[in-house]
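A short write-up of the structure that comes next.
The values are calculated or read from the model by the stated rules, or taken from the named source; none is laboratory data. Owing to the predicted nature of the structure, the values given are computational and were not obtained by experimental measurement. With ideal geometry, Cβ positions are generated from the backbone for all residues, glycine too; neighbour counts draw on all protein chains shown. What goes into the accessible areas is simple: the full protein's heavy atoms, side chains included, and nothing from ligands, DNA or RNA. Shrake-Rupley method; radii C 1.70, N 1.55, O 1.52, S 1.80 Å.
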Amino acid sequence: PKVEVNHWFEVPEKTYSQIHLVSQKIGRALKLAFETPRVLTAAVGFEVPHYHLHLIPAQSVEDLNFQKGRRHSSEAMEQFLAKIKAHLK
(Lines give C-alpha, C1' and ligand atoms only; values in the text may rest on other atoms or scores of the structure.)
Protein backbone atom coordinates (compact mmCIF):
# COMPACT_ATOMS: atom_id res chain seq x y z
CA PRO A 1 0.00 0.00 0.00
CA LYS A 2 1.06 3.57 -0.48
CA VAL A 3 -0.22 4.67 2.92
CA GLU A 4 2.72 6.30 4.65
CA VAL A 5 3.29 4.81 8.08
CA ASN A 6 6.31 4.86 10.30
CA HIS A 7 5.72 1.40 11.82
CA TRP A 8 3.95 -1.75 10.68
CA PHE A 9 1.56 -1.57 13.60
CA GLU A 10 0.24 1.76 12.28
CA VAL A 11 -1.13 0.18 9.08
CA PRO A 12 -4.94 0.38 9.04
CA GLU A 13 -6.39 -2.97 10.10
CA LYS A 14 -8.32 -3.57 6.88
CA THR A 15 -5.24 -2.87 4.75
CA TYR A 16 -3.02 -5.05 6.94
CA SER A 17 -5.48 -7.95 6.76
CA GLN A 18 -5.78 -7.67 2.98
CA ILE A 19 -2.00 -7.68 2.54
CA HIS A 20 -1.69 -10.87 4.55
CA LEU A 21 -4.58 -12.63 2.83
CA VAL A 22 -3.05 -11.91 -0.57
CA SER A 23 0.44 -12.84 0.66
CA GLN A 24 -0.84 -16.31 1.62
CA LYS A 25 -1.93 -16.92 -1.98
CA ILE A 26 1.33 -15.60 -3.38
CA GLY A 27 3.33 -17.55 -0.77
CA ARG A 28 1.69 -20.83 -1.80
CA ALA A 29 2.55 -20.09 -5.44
CA LEU A 30 6.16 -19.26 -4.50
CA LYS A 31 6.51 -22.50 -2.55
CA LEU A 32 5.37 -24.53 -5.56
CA ALA A 33 7.19 -22.49 -8.20
CA PHE A 34 10.54 -22.65 -6.45
CA GLU A 35 10.06 -26.08 -4.84
CA THR A 36 11.11 -24.75 -1.47
CA PRO A 37 10.18 -26.03 2.01
CA ARG A 38 9.34 -22.56 3.35
CA VAL A 39 8.37 -19.07 2.27
CA LEU A 40 9.60 -16.61 4.88
CA THR A 41 8.14 -13.18 5.49
CA ALA A 42 9.88 -10.01 6.54
CA ALA A 43 8.48 -6.55 7.10
CA VAL A 44 11.50 -4.30 6.88
CA GLY A 45 10.75 -0.61 7.23
CA PHE A 46 13.94 1.39 7.05
CA GLU A 47 14.00 1.86 3.29
CA VAL A 48 10.68 3.64 2.71
CA PRO A 49 7.95 5.09 4.95
CA HIS A 50 5.26 2.58 4.04
CA TYR A 51 4.51 -1.01 4.91
CA HIS A 52 5.67 -3.70 2.57
CA LEU A 53 5.97 -7.40 3.16
CA HIS A 54 8.82 -9.40 1.65
CA LEU A 55 8.04 -13.02 0.67
CA ILE A 56 11.23 -15.07 0.48
CA PRO A 57 11.39 -18.63 -0.85
CA ALA A 58 13.86 -20.31 1.50
CA GLN A 59 15.70 -23.53 2.16
CA SER A 60 16.72 -22.37 5.65
CA VAL A 61 16.50 -19.37 7.97
CA GLU A 62 19.85 -18.16 6.61
CA ASP A 63 18.01 -17.24 3.39
CA LEU A 64 16.43 -14.37 5.31
CA ASN A 65 19.77 -12.55 5.05
CA PHE A 66 19.22 -9.71 2.57
CA GLN A 67 22.98 -9.49 2.04
CA LYS A 68 22.77 -12.82 0.19
CA GLY A 69 20.40 -11.32 -2.39
CA ARG A 70 21.53 -11.08 -5.99
CA ARG A 71 20.29 -9.44 -9.15
CA HIS A 72 18.89 -11.44 -12.03
CA SER A 73 18.51 -10.49 -15.66
CA SER A 74 15.20 -9.20 -16.95
CA GLU A 75 14.77 -12.46 -18.83
CA ALA A 76 15.29 -14.53 -15.69
CA MET A 77 12.83 -12.35 -13.77
CA GLU A 78 10.21 -12.87 -16.50
CA GLN A 79 10.74 -16.64 -16.21
CA PHE A 80 10.32 -16.46 -12.43
CA LEU A 81 7.13 -14.46 -12.86
CA ALA A 82 5.72 -16.99 -15.31
CA LYS A 83 6.45 -19.84 -12.88
CA ILE A 84 4.74 -18.01 -10.03
CA LYS A 85 1.70 -17.08 -12.12
CA ALA A 86 1.34 -20.71 -13.21
CA HIS A 87 0.77 -21.65 -9.55
CA LEU A 88 -1.55 -18.81 -8.54
CA LYS A 89 -5.13 -19.90 -7.91
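See the values below:
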| quantity | calculated |
| --- | --- |
| Placed amide H near residue 51: partners under 5 Å, 5+ positions off or other chain | 5 |
| Under the Debye formula (equal points on every Cα, no solvent term), log10 I(q)/I(0) of the chain at q = 0.11, 0.15, 0.17, 0.23 Å⁻¹ | -0.36, -0.67, -0.85, -1.25 |
| The chain: GluC sites (Glu not before Pro) falling in loop per DSSP and having at most 14 other Cβ within 10 Å | 35, 47 |
| Solvent-accessible heavy-atom area per residue, rounded to whole Å², over the chain at 1.4 Å | 80 |
| Binned Cα-Cα distance frequencies in the range 49-89 - 5 Å width, integer % | 5, 16, 18, 24, 25, 11, 1 |
| Table column - 3J(HN,Hα) (Hz), the range 63-75, Karplus curve with 6.51, -1.76, 1.60, x for Gly and Pro | 6, 7, 6, 5, 5, 7, x, 9, 8, 10, 5, 4, 5 |
| Carbon and sulfur %, accessible surface of the range 26-89 computed with the full protein complex present, 1.4 Å | 56 |
| Percentage relative contact order, the chain, counting C-alpha pairs under 8 Å, at least six apart | 34 |
| Residue 40 long-range amide H proximity, modeled H, under 5 Å | 56, 58 |
| Backbone HN-Hα couplings from phi across the range 28-39 [Karplus 6.51/-1.76/1.60, Hz, Gly and Pro as x] | 4, 5, 4, 4, 6, 4, 9, 6, 10, x, 9, 10 |
| For the chain, size of Cβ-based charge dipole, Lys and Arg +1, Asp and Glu -1, in debye | 380 |
